[in-house]
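Worksheet: the structure to be examined is printed underneath.
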Amino acid sequence: MKLRLKIWRQQGPHAAGEFVSYETADVSPDMSFLEMLDVLNETLQLRGDVPIAFDHDCREGICGSCAMMIDGVPHGPQKSTTVCQLHMRHYRDGATIVIEPWRAKAFPVIRDLVVDRGALDRIIQAGGYISVATGNAPEANGIPIGKDMVDRAMDAAQCIGCGACVAACPNASAMLFTAAKATHLGLLPQGQPERSHRAVNMVRQMDLETFGGCTNFGECSEACPKDIGLEVIARLNADFLQATLKEREGA
Amino acid sequence: MRGEVAAVPRGWVVAFYGSTIGKKIVMAATGVILVGFVTGHALGNLLVFSGPAALNRYGELLKSSVVILWIVRVTLLAAVVLHAHSALSLTRLAQQARPSRYAKHATQASTFSSRTLRVGGVVLLAFIIFHLLHLTTGTVHPAFSPTDVYGNVLVAFSIPAVTVFYLVAMLALGLHLHHGIWSAFQTLGLNHPHLERFRRALATVMAVGVSLGFSLIVLAIAFQLVG
Ligand code: HEM
Ligand code: FES
């Protein structure tokens, strides 16, 4: 396959970036999108050019490292799929593909397609955890949990923190991410004691990180490679409101 | 310490309204008040089809208690101010949150009504101001009478430019309600799979009903089917 790639190149956080066009001739339909970029990078290196920087780790759709806007859609055209799991057979020969980094004030570009998603980690640090006493491991089945709750918590826990929701949102809001993290803990008994404080603290951090607010456009959920639903956002809204109305401090 | 909540050095109202979710909840709550008002307003105005006596009697009824009238007016004014302020503030935050634009950004899931909410909001704000000066105070009305509501609207929509502006505003209102009512459920924490179809249907029916109801009144007068 022959492809024309228009890729965002930016030397560093403060450099001005620009699109650079590349022609690739030796793309196999069996390659993943990242393998296609690997091959391009090899060619660039052989020519003495600087390879294109992009994030990747597991390459099996579970770590959330790979992240890029492909033709205006986070992770590219295939639904429920990370870039590393997208394959070139979905493209026609001769296609032009535009590739750019996530764009948000909270996600500064480090280089080319790599952005700093530390803001998401700090939201987790602000409340996306449960406090447990250390010591002997508790009996695994000691706390009964309904199957429906487990299923819903697991659906929310599928979030891999890739940031596609922020990238897709016209407001660059991190609501889907924050809400998924708050929900997967908030649906389980272990998450109850800190539920109100979690909502308040995570939302405060989310706002501090300069993400936009949520307008319920729904672009986030559509772009999510793990199909996290908008329902989690309603839950976070409800938790936040409850925390404000009922907590004596903090809220 | 990790796991502990730092004391918030502000009152809860400031902390709440200072957050994006708090602003959004205020927007939804004031939106619900305004939705209640426009629904009642549209239903009441349909009395224009029952003739001058019915509409004018309805107008008198609304003004029969000065106390209630002003409670309603102040509530609505506060709702509009809070609604517009939170909308403006969230719009600004959203613009700041993405300083550099995508070269290519495909819209995948959002509705037309959600994407026109902000523009439509500005149209509605302009409309609300004009409408108050037009049919409440009569400031910009060519032949205003405080007691003859019926006569006022007949004169109002004999002017084509005014008719067109009202129709554009009602289109904006319909779009606003189509996303707004659906979205308000979400913002107020009411999203259950059982509710999803209901709230979409409710938003659509109310948006079309209210927007069409007002528009029919305006059109009927403009084309002299009434009066
Ligand atoms: C003063 C003029 C108005 C302006 C400037 C305005 C603006 C807006 C904006 C920008 C939003 C969405 C903001 C966001 O989510 O980012 C919104 C939501 C909404 N508006 Fe308005 N609006 C106005 C009047 C009205 C009126 C007259 C009604 C009702 C009849 C209304 C009902 C709603 C509702 C229910 C929502 C949804 C709240 C939510 O998403 O939870 N608005 N408005
Ligand atoms: S590289 Fe891990 S999800 Fe794509």
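Condition check ((1) within 14 Å of chain A (Cβ to nearest Cβ); (2) in contact (Cβ under 8 Å) with a residue 60 or more places away in the chain; (3) open to solvent by less than 40 Å² (accessible area, probe 1.4 Å)) across all residues:
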residue: B:Ala103; (1), (2), (3): yes, no, no
residue: B:Ile129; (1), (2), (3): no, no, no
residue: B:Leu132; (1), (2), (3): no, no, no
residue: B:Gly138; (1), (2), (3): no, no, yes
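Across region A:90-122, which residue is farthest from A:Lys181 (Cα to Cα) among those that are among the hydrophobic types (A, V, I, L, M, F, W, C) and not in a strand (DSSP E or B)? Before the answer, list the steps.
Here is the first cut: in region A:90-122, the residues among the hydrophobic types (A, V, I, L, M, F, W, C) are A:95, A:97-99, A:102, A:104, A:106-107, A:109-110, A:113-115, A:119-120.
Restricting the remaining residues to those that are not in a strand (DSSP E or B) gives A:95, A:102, A:106, A:113, A:119-120.
On the way: A:Ala95: 38, A:Trp102: 20, A:Ala106: 18, A:Leu113: 25, A:Ala119: 14, A:Leu120: 10 Å.
The qualifying residue farthest from A:Lys181 (Cα to Cα) is A:Ala95.
Just to be sure I understand the filter: pairs with C-beta atoms under 9 Å, separated by 6 or more residues or on different chains, first member in region A:155-175 and over 20 Å from A:Pro101 (Cα atoms) and in the same structural domain as A:Gln205 (by TED's automatic domain parsing), second member β-branched (Val, Ile, Thr) and more than 16 Å from ligand 2 (Cβ to nearest atom). Which pairs pass?
Going by the 9 Å Cβ cut-off, the qualifying pairs are A:Asp155/A:Thr183; A:Asp155/A:Val232; A:Ala156/A:Thr183; A:Ala156/A:Val232; A:Ala157/A:Thr183.
Please go through region A:52-80 and pick out each residue that is within 14 Å of A:Pro101 (Cβ to Cβ), small (Gly, Ala, Ser) and near ligand 2 (Cβ under 6 Å from one of its atoms).
A:Ser65 - this is the single residue of region A:52-80 that is within 14 Å of A:Pro101 (Cβ to Cβ), small (Gly, Ala, Ser) and near ligand 2 (Cβ under 6 Å from one of its atoms).
Scan A:Glu139, A:Glu100, A:Glu60 and give me the residue that is exposed (fewer than 12 other Cβ atoms within 10 Å of the Cβ), of a type in the set (Asp, Glu) and in contact (Cβ under 8 Å) with a residue 12 or more places away in the chain.
One residue alone meets the criteria, A:Glu60.
This table checks each residue for (1) at pLDDT 95 or above; (2) within 16 Å of ligand 1 (Cβ to nearest atom); (3) of a type outside the set (Gly, Ala, Ser); (4) within 20 Å of B:Leu34 (Cα to Cα).
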| position | (1), (2), (3), (4) |
| --- | --- |
| B:Val122 | yes, yes, yes, yes |
| B:Leu125 | yes, yes, yes, yes |
| B:Ile129 | yes, yes, yes, yes |
| B:Thr136 | yes, yes, yes, yes |
| B:Phe157 | yes, no, yes, no |
| B:Ala161 | yes, no, no, no |
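For region A:57-69, how many residues are in a loop (DSSP other than H, G, I, E, B) and within 22 Å of B:Ala103 (Cβ to Cβ)? It would help to see each step written out before you state the result.
Step one: filter region A:57-69 for residues in a loop (DSSP other than H, G, I, E, B), giving A:57-68.
Now drop any that are not within 22 Å of B:Ala103 (Cβ to Cβ), which leaves A:66-68.
Counting residues in region A:57-69 that are in a loop (DSSP other than H, G, I, E, B) and within 22 Å of B:Ala103 (Cβ to Cβ) gives 3.
Quickly run through region B:89-100 and pick out the residues that are at the interface with another protein chain (Cβ under 7 Å from one of its Cβ atoms) and either closer than 15 Å to A:Gly76 by Cα or not hydroxyl-bearing (Ser, Thr, Tyr) (or both).
Across region B:89-100, the qualifying residues are B:Leu90, B:Leu93, B:Ala94, B:Gln96, B:Ala97, B:Arg98, B:Pro99.
Can you pull out every residue in region A:199-234 that is among the charged types (D, E, K, R) and either facing another protein chain (nearest Cβ under 7 Å) or touching a strand residue (DSSP E or B) at 6+ places or on another chain (Cβ under 7 Å) (or both)? Working first, answer last.
So the first thing to find is which residues in region A:199-234 are among the charged types (D, E, K, R), and the list is A:204, A:207, A:209, A:219, A:222, A:226-227, A:231.
Residues satisfying the conditions are A:Arg204, A:Asp207, A:Glu219, A:Glu222, A:Glu231.
Rundown of residues vs (1) in a helix (DSSP H, G or I); (2) polar (S, T, N, Q); (3) at pLDDT below 95, yes/no style:
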| position | (1), (2), (3) |
| --- | --- |
| A:Tyr129 | no, no, no |
| A:Ala133 | no, no, yes |
| A:Cys159 | no, no, no |
| A:Asn171 | no, yes, no |
| A:Thr183 | yes, yes, no |
| A:Arg198 | yes, no, no |
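Filter region A:105-136 for residues that are surrounded by fewer than 12 Cβ atoms within 10 Å (Cβ to Cβ) and touching a Lys or Arg at 6+ places or on another chain (Cβ under 9 Å) and give the result.
Residue satisfying the conditions is A:Ser131 alone.
Which is assigned to a helix (DSSP H, G or I), crowded, with 16+ Cβ neighbours inside 10 Å and away from every other protein chain (no Cβ under 14 Å), of B:Leu82, B:Leu69, B:Leu61, B:Leu77?
On the way: B:Leu69 fails: crowded, with 16+ Cβ neighbours inside 10 Å; B:Leu61 fails: crowded, with 16+ Cβ neighbours inside 10 Å; B:Leu77 fails: crowded, with 16+ Cβ neighbours inside 10 Å.
Among B:Leu82, B:Leu69, B:Leu61, B:Leu77, only B:Leu82 is assigned to a helix (DSSP H, G or I), crowded, with 16+ Cβ neighbours inside 10 Å and away from every other protein chain (no Cβ under 14 Å).
Would you point out the residue of region A:37-51, among those that are more than 14 Å from ligand 2 (Cβ to nearest atom) and closer than 20 Å to A:Arg92 by Cβ, that is surrounded by the fewest Cβ atoms within 10 Å (Cβ to Cβ)?
Kept after step one, since they are more than 14 Å from ligand 2 (Cβ to nearest atom), are these residues of region A:37-51: A:39-51.
So of that shortlist, the ones also closer than 20 Å to A:Arg92 by Cβ come out as A:39-40.
On the way: A:Val39: 16, A:Leu40: 20.
Ranking the candidates gives A:Val39 first.
Please name all residue pairs, on different chains or six or more residues apart, with Cβ atoms under 6 Å, provided the first residue is in region B:172-195 and is under 16 Å from B:Leu212 (Cα atoms) and the second residue is open to solvent by 20 Å² or more (accessible area, probe 1.4 Å) and not in a helix (DSSP H, G or I).
Pairs found: B:Leu175/B:Thr116.
For residues that are free of Cβ contacts under 8 Å to residues at least 60 places away in the same chain and within 11 Å of chain A (Cβ to nearest Cβ), scanning just region B:105-127, find the one that is least open to solvent (accessible area, probe 1.4 Å).
Filtering region B:105-127 for residues that are free of Cβ contacts under 8 Å to residues at least 60 places away in the same chain and within 11 Å of chain A (Cβ to nearest Cβ), the one least open to solvent (accessible area, probe 1.4 Å) comes out as B:Ser110.
The values are calculated or read from the model by the stated rules, or taken from the named source; none is laboratory data. Quick caveat, the model's predicted, so the values are computed rather than measured. Here the Cβ is made from the backbone with ideal geometry for all residues, glycine too, and neighbour counts use every protein chain on show. We work out accessible area using only protein heavy atoms, side chains counted, and drop any ligands, DNA or RNA first. Shrake-Rupley method; radii C 1.70, N 1.55, O 1.52, S 1.80 Å.
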